[in-house]
Amino acid sequence: VQADCGACRTLTTNDTAAIPLAANILEVAGGGTLPIPAATYIVGAQNHSDNNYPYWSTEPIFSVVGLDELTIVGNNAVVRLADGIRYGSFDPDTGNPYTPGSMPFRDLNYAVTAGAMIDVEACRDVTITDLELDGNNENLIIGGGWGGSDIQLQGDGMVFISCVGVTVERISTHNHARDGVYVSWPDVL
């Protein structure tokens, strides 16, 4: 992630561009190993494009689909979500926090997610070791409720959807807007 993708690994530089590049390299290769040198990496970005809803769109961090093998060796690195990431309901025209008049509230034009730090879908033989994922919850910008009675939008450390053979060892995943680890197999009842 550092040598091939340009991660700076400083507490003042956002490495969001380097991490998706590493994911893309692995997808093109059909799988492989991602070593992450020990350091603290700041990740996460949201952007606004006029006339697009919701107002804030969240850039993917590490997202892969359909790999035959994936190994992430964290070497005790810390990956921390950047300060100021928005999560919850935000006005689709102004981008300001929005408090719905009543719940449930499920208008997707207002939904702003914090995303997932590691998002793995339809992959086989996945191993992730020796890594800390810090959702930096105390420095998020929280909007209004969205969903049932609180906020149930993506804001996770690791997400595994329709994966086979997943091993997670020596991982600390904490302070996320939603879950540290989210596992789903949507095609199974």
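The values are calculated or read from the model by the stated rules, or taken from the named source; none is laboratory data. Treat the numbers as computed from the prediction; the structure is a model and nothing was measured. No Cβ is skipped: glycine too gets one built from the backbone with ideal geometry, and neighbour counts run over all protein chains shown. Heavy atoms of the whole protein, side chains included, go into the accessibility calculation; ligands, DNA and RNA do not. Shrake-Rupley method; radii C 1.70, N 1.55, O 1.52, S 1.80 Å.
Would you confirm whether any residue within segment 21-32 is touching a strand residue (DSSP E or B) at 6+ places or on another chain (Cβ under 8 Å), open to solvent by 40 Å² or more (accessible area, probe 1.4 Å) and either in a strand (DSSP E or B) or free of Cβ contacts under 8 Å to residues at least 12 places away in the same chain (or both)? No, segment 21-32 has no match at all. Looking across segment 74-109, the residues that are under 20 Å from the mean Cα position of the chain (by Cα), surrounded by 12 or more Cβ atoms within 10 Å (Cβ to Cβ) and among the hydrophobic types (A, V, I, L, M, F, W, C) come down to ALA77, VAL78, VAL79, LEU81, ALA82, ILE85, PHE90.
Condition first: at negative phi and open to solvent by less than 30 Å² (accessible area, probe 1.4 Å). Now tell me which residues in segment 136-145 satisfy that.
Filtering segment 136-145 down to residues at negative phi leaves 137-145.
Of everything in segment 136-145, those that are at negative phi and open to solvent by less than 30 Å² (accessible area, probe 1.4 Å) turn out to be LEU140, GLY143, GLY144, GLY145.
Of ILE118, ILE42, all but one fail to be at pLDDT below 95, within 29 Å of SER172 (Cβ to Cβ) and not basic (Lys, Arg); the exception is ILE42. Of all residues in segment 46-78, those being more than 25 Å from ALA122 (Cα to Cα), part of a loop (DSSP other than H, G, I, E, B) and touching an Asp or Glu at 6+ places or on another chain (Cβ under 8 Å) number 1. Could you tell me which residue of segment 146-189 is farthest from the chain's Cα centre (by Cα), considering only residues that are acidic (Asp, Glu), within 21 Å of THR58 (Cα to Cα) and open to solvent by 40 Å² or more (accessible area, probe 1.4 Å)? Result: ASP150. Residue check: is ILE36 crowded, with 19+ Cβ neighbours inside 10 Å, in contact (Cβ under 8 Å) with a residue 24 or more places away in the chain and in contact with a Ser or Thr (Cβ under 8 Å, 6 or more places away or on another chain)? In short, no. Evaluate the following for THR10: is it modelled with pLDDT under 90 and either open to solvent by 70 Å² or more (accessible area, probe 1.4 Å) or β-branched (Val, Ile, Thr) (or both)? Against the criterion (modelled with pLDDT under 90 and either open to solvent by 70 Å² or more (accessible area, probe 1.4 Å) or β-branched (Val, Ile, Thr) (or both)), THR10 qualifies.
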